[in-house]
Number of protein chains: 2
Amino acid sequence: MENPVTVEVTRGQLVESRHRGMAVVIDAEGAIVFSAGDVDSGVFPRSACKAMQALPLVESGAADAYGFGNRELALACASHSGEPEHVATAAFMLKAAGRDASVLECGAHWSSHQSVLIDQVRTLEKPTALHNNCSGKHSGFVCTCCHTGDDPRGYAGFDHPLQEAIRAIMTDLTGAVLSRDNCGTDGCSIPTYAVPLTGLARGFGKLVTGKGLEPLRAAAARRLINACMAEPFYVAGTKRFCTKLMQVAPGRIFAKTGAEGVFCALLPDKGLSFAVKAEDGATRAAEAMIAALLARHFDADSEERAALMKLAHHGMTNWNGLSVGTIRTTDVLFA
Amino acid sequence: MENPVTVEVTRGQLVESRHRGMAVVIDAEGAIVFSAGDVDSGVFPRSACKAMQALPLVESGAADAYGFGNRELALACASHSGEPEHVATAAFMLKAAGRDASVLECGAHWSSHQSVLIDQVRTLEKPTALHNNCSGKHSGFVCTCCHTGDDPRGYAGFDHPLQEAIRAIMTDLTGAVLSRDNCGTDGCSIPTYAVPLTGLARGFGKLVTGKGLEPLRAAAARRLINACMAEPFYVAGTKRFCTKLMQVAPGRIFAKTGAEGVFCALLPDKGLSFAVKAEDGATRAAEAMIAALLARHFDADSEERAALMKLAHHGMTNWNGLSVGTIRTTDVLFA
């Protein structure tokens with residue numbers, strides 16, 4: 001199945017580059033409201049499903065035992081920029097469990113965001129695992145193990161009890177069978193499983209509707225989504241797209257990016273869940289797609305819709321600040 | 001016309017992302033040897049055509065008047081990383097014409113290459129126009145104007161005599177009509193014109209065959225291409241793809257990248273010219289495509305072919321150095 005062109009990048013009067021993509025919107029009953037492209041093939045959600053992977057932290061009672069509030073829970077679901085607040089919160093989470101950064105298995109990297117990187121270079125010899133964009137998720141993993149009594153060592157491995165628990169959760173939510181066959185290794189070394197985009201969106205829907213979930217899981221899921229919406233800076237960071245999307249309508253939009261052009265989102269009040277994937281893995285395309293799809297579900301003349309469309313369709317400037325072109329979504333997303 | 005999938009990005013056992021692209025190879029007579037995808041629509045060559053834009057520097061006599069050798073000529077054709085040698089060479093070129101960086105109209109930016117950026121952040125308050133990846137091209141522009149007696153001010157503008165001269169050169173080489181209709185503004189503020197990929201490749205071919213060109217132009221073109229092949233570090237920089245491609249077979253491969261997934265290359269000894277464009281603008285796809293296409297034209301068991309295929313098909317590791325997937329070209333490029 002050919003995926004349609006969903007995003008165009010223009011320069012002057014012409015289209016310079018085109019992105020194809022898949023997109024699906026699911027209602028509170030789990031029915032497909034909209035779809036474009038091949039939404040049935042497996043897609044690695046990568047970091048987009050961190051809120052699902054954070055469920056054991058809440059379900060196990062670890063989050064309560066360690067006194068975690070919205071910021072810690074949001075960071076457990078985050079791909080953060082490694083700003084000082086993110087790093088301090090991850091360190092706080094580990095300390096609550098009597099551990100430190102030496103237990104983290106995510107590896108270290110400089111921030112991907114230039115202004116943060118420049119600040120880091122001017123204050124650090126080199127980044128630590130706490131600066132890794134996944135350090136909140138990994139700190140949550142460690143806290144879960146410490147609370148349940150599992151040895152956290154090797155927590156990133158396919159056969160560790162924590163990853164077994166996450167597999168069961170992902171199957172419960174997405175309906176997909178997960179095994180070594182559809183498993184890859186993520187940037188932070190934990191397993192990531194290819195699931196159909198429809199299943200991914202349905203799974204996100206269950207996080208807010210709770211439909212078909214055990215009450216403990218339903219409550220934990222809603223608590224994590226609410227925490228992210230309450231503290232959007234802790235889900236991403238300064239000028240980051242997830243943060244900006246959630247700031248458009250505080251408490252009414254949840255959004256989370258994943259590597260290779262994945263984006264998931266929720267409009268909890270409307271019972272709608274969204275998942276998109278740029279065929280080519282481009283972040284700029286996934287961002288435009290998710291913003292345009294979310295915009296459709298706000299009133300035509302609302303501030304929220306205007307703000308979301310500004311995130312979906314925007315100009316590009318060059319090194320001199322001159323306007324050189326635009327990124328815009330195509331009619332496919334408005335069919 | 002649908003462009004075929006030319007590059008796949010895998011994770012675990014699965015394809016995670018796919019890039020579509022256009023590619024064309026032209027022989028010394030200007031005939032198409034190979035093509036894939038829509039090679040007749042307009043493509044902005046962006047920085048891939050800097051060697052064409054540098055012709056006035058040599059044709060005007062400016063390069064000789066200012067005593068420029070291979071390094072300065074290579075830098076005039078470069079998208080460099082802003083390493084100290086690049087910055088010093090651009091400053092030297094301007095000084096030869098009695099000017100300094102204040103005349104440059106390219107804007108300033110930090111290096112796009114993380115290790116260079118880190119060095120820059122540790123030694124500079126902020127980058128100057130000399131650090132712009134296009135500073136060599138712009139210094140060449142300024143030198144051309146100073147030598148011919150044109151006022152360099154406004155040299156980046158569509159109506160400046162230098163840009164008029166470059167338009168005439170681009171038409172001579174590519175056969176395409178250039179006007180405001182197919183003109184966009186490049187990252188460094190000069191005009192860039194959409195031309196068919198076939199025309200772009202044919203134009204590059206003329207740079208080494210000289211066919212159909214005035215003798216002065218043919219000699220200038222060959223001198224620029226030879227300068228780039230002699231000093232590949234000055235065309236890009238440390239660990240950069242253009243530099244690595246040219247180092248595979250010193251003096252026998254010319255290669256130049258452009259933004260939004262364009263790559264052009266030459267095998268002068270074989271009279272072959274190459275142009276590719278990733279539909280989605282992805283650099284990783286353009287790099288894989290050009291390396292695979294070049295590889296085809298070396299003996300099956302040669303070191304050069306093996307080295308080029310290693311650039312076309314390579315593993316990807318995560319923050320912990322674990323192998324997580326591959327980038328590979330598809331059979332489309334070997335049809």
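Check B:M93 against each of (1) in contact with an Asp or Glu (Cβ under 7 Å, 6 or more places away or on another chain); (2) within 14 Å of chain A (Cβ to nearest Cβ); (3) within 24 Å of B:Q53 (Cα to Cα) and name the one condition it does not meet. Of everything listed in (1) in contact with an Asp or Glu (Cβ under 7 Å, 6 or more places away or on another chain); (2) within 14 Å of chain A (Cβ to nearest Cβ); (3) within 24 Å of B:Q53 (Cα to Cα), B:M93 misses just condition (2).
Scanning the stretch A:120-150 for residues that are at negative phi and free of Cβ contacts under 8 Å to residues at least 24 places away in the same chain yields A:V121, A:R122, A:T123, A:L124, A:E125, A:K126, A:C145, A:D150.
Only one of B:H138, B:H131, B:H160 is out of contact with any Asp or Glu (no Cβ under 8 Å at 6 or more places or on another chain) and modelled with pLDDT of 95 or more; which? Break it down into steps so the answer makes sense when it comes.
On the way: B:H138 fails: out of contact with any Asp or Glu (no Cβ under 8 Å at 6 or more places or on another chain); B:H160 fails: out of contact with any Asp or Glu (no Cβ under 8 Å at 6 or more places or on another chain).
Residue meeting the stated conditions: B:H131.
I'd like to verify a number: residues in the stretch B:236-262 that are away from every other protein chain (no Cβ under 14 Å), in a strand (DSSP E or B) and touching a Lys or Arg at 6+ places or on another chain (Cβ under 8 Å), how many? So that I can check it myself, show each step before the final result.
Residues of the stretch B:236-262 away from every other protein chain (no Cβ under 14 Å): B:236-257.
Remaining after also requiring in a strand (DSSP E or B): B:254-257.
Still in the list and also touching a Lys or Arg at 6+ places or on another chain (Cβ under 8 Å): B:256.
Count: 1.
Among the residues of the stretch B:157-178, the ones that are under 18 Å from B:A221 (Cα atoms) and touching a helix residue (DSSP H, G or I) at 6+ places or on another chain (Cβ under 8 Å) come to 9 in all. Which residue pairs have Cβ atoms under 9 Å apart, sit 6 or more places apart or on different chains, and have a first residue in the stretch A:181-196 that is over 19 Å from A:K137 (Cα atoms) and a second that is surrounded by 24 or more Cβ atoms within 10 Å (Cβ to Cβ) and of a type in the set (G, A, S)? Note: pairs meeting the criteria are A:V195/A:G203.
Could you tell me which of the residues B:G281, B:G203, B:G210 is on the phi > 0 side of the Ramachandran plot, touching a Ser or Thr at 6+ places or on another chain (Cβ under 9 Å) and not basic (K, R)?
On the way: B:G203 fails: on the phi > 0 side of the Ramachandran plot; B:G210 fails: touching a Ser or Thr at 6+ places or on another chain (Cβ under 9 Å).
Selected residue: B:G281, the only one of B:G281, B:G203, B:G210 that is on the phi > 0 side of the Ramachandran plot, touching a Ser or Thr at 6+ places or on another chain (Cβ under 9 Å) and not basic (K, R).
For the residues B:V39, B:V103, B:V87, the requirement of being modelled with pLDDT of 95 or more, under 19 Å from B:I166 (Cβ atoms) and of a type in the set (V, I, T) singles out B:V103.
Residue by residue through the stretch B:107-131, note down the ones that are of a type in the set (V, I, T), more than 9 Å from chain A (Cβ to nearest Cβ) and farther than 22 Å from A:V324 by Cα.
Of everything in the stretch B:107-131, those that are of a type in the set (V, I, T), more than 9 Å from chain A (Cβ to nearest Cβ) and farther than 22 Å from A:V324 by Cα turn out to be B:V116, B:T123.
Looking at A:L294, A:L311, which one is closer than 30 Å to B:V15 by Cβ, touching a strand residue (DSSP E or B) at 6+ places or on another chain (Cβ under 9 Å) and aliphatic (A, V, I, L, M)? Walk me through how you get there before you give the answer.
Values: A:L311 fails: touching a strand residue (DSSP E or B) at 6+ places or on another chain (Cβ under 9 Å).
Within the list A:L294, A:L311, the selection yields A:L294.
Residue pairs whose Cβ atoms lie under 7 Å apart, sitting 6 or more positions apart in sequence or on different chains, and linking a residue in the stretch B:199-213 that is in contact (Cβ under 8 Å) with a residue 24 or more places away in the chain to a partner that is part of a loop (DSSP other than H, G, I, E, B) and aliphatic (A, V, I, L, M), are B:G199/B:A176; B:G205/B:A28; B:K206/B:L213; B:T209/B:A28.
In the stretch A:280-313, what residues are closer than 27 Å to B:T192 by Cα and without any contact (Cβ under 8 Å) to a residue 24 or more places away in the chain? Passing the criteria: A:G281, A:K310.
Of all residues in the stretch A:241-259, those satisfying the criterion of being surrounded by fewer than 24 Cβ atoms within 10 Å (Cβ to Cβ) and charged (D, E, K, R) are A:K244, A:R252.
The values are calculated or read from the model by the stated rules, or taken from the named source; none is laboratory data. In this text, all values refer to a predicted model and were calculated from it rather than measured experimentally. Because the Cβ atoms are built from the backbone with ideal geometry, glycine has one as well, and the counts that use them run over all protein chains shown.
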